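Engineer: What follows is a structure written as structure tokens; I'll ask about it next.
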């Protein structure tokens with residue numbers, strides 16, 4: 001499902017924004033998996049949350 005929205009006001013009025021693409025880019029910037037929405041193992045380990053990474057890996 002593709003979710004796009006047209007900007008209604010301001011300098012970008014009338015431009016179409018692909019929110020699905022923006023969400024993918026946001027997840028990537030955060031270190032989250034795009035499919036599950038969970039943080040990736042590397043991100044959790046950098047935050048000192050190895051036990052959480054291990055538990056999510058078992059799901």
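Engineer: Please arrange 23, 8 by counting, for each residue, the other beta carbons lying within 10 Å of its beta carbon, fewest first. Write out the running numbers ahead of the final one.
Structural biologist: Values: 23 13, 8 8.
Result, fewest neighbours first: 8, 23.
Engineer: Is the chain best put as rounded, prolate or oblate by its Cα gyration tensor, with a ≥ b ≥ c the root eigenvalues, rounded for a/c under 1.5, and otherwise prolate when a/b is larger than b/c, oblate when not? Spell out each step's value before the answer.
Structural biologist: Details: a/c = 5.51, a/b = 2.82, b/c = 1.95.
In terms of gyration-tensor shape, prolate.
Engineer: I need the peptides 41-50, 11-20 ranked by packing, meaning the mean over residues of other C-beta atoms within 10 angstrom, with the highest value on top. Let's see the in-between values first.
Structural biologist: Working: 41-50: 13.5, 11-20: 10.2.
Highest to lowest by the protection proxy: 41-50, 11-20.
Engineer: Counting only C-alpha contacts under 8 Å and six or more residues apart, can you give the relative contact order of segment 4-57 as a whole percent?
Structural biologist: Working: 43 pairs, mean separation 9.5, N = 54.
The value is 18 percent.
Engineer: On to the next question. Once you put a point 7 Å from the Cα of residue 11 and another 7 Å from the Cα of residue 42, both along the Cβ direction, what distance in nm separates them?
Structural biologist: Reported label-point gap for residue 11 and residue 42 is 3.4 nm.
Engineer: Hey, fewest Cβ within 10 Å first, where do 35, 24 land in order?
Structural biologist: On the way: 35 7, 24 12.
Lowest count first: 35, 24.
Engineer: Report, in degrees rounded to the nearest 10, the 0 to 90 angle that the Cα long axis of helix 19-30 makes with the longest principal axis of the chain.
Structural biologist: The two axes meet at around 40 degrees.
Every number here is computed from the coordinates shown, using simple stated rules; none is lab data. Just so it is clear, the model here is predicted, and its values are computed rather than measured. Quick reminder, even Gly has a Cβ in these numbers, built from the backbone with ideal geometry, and neighbours come from all protein chains shown.
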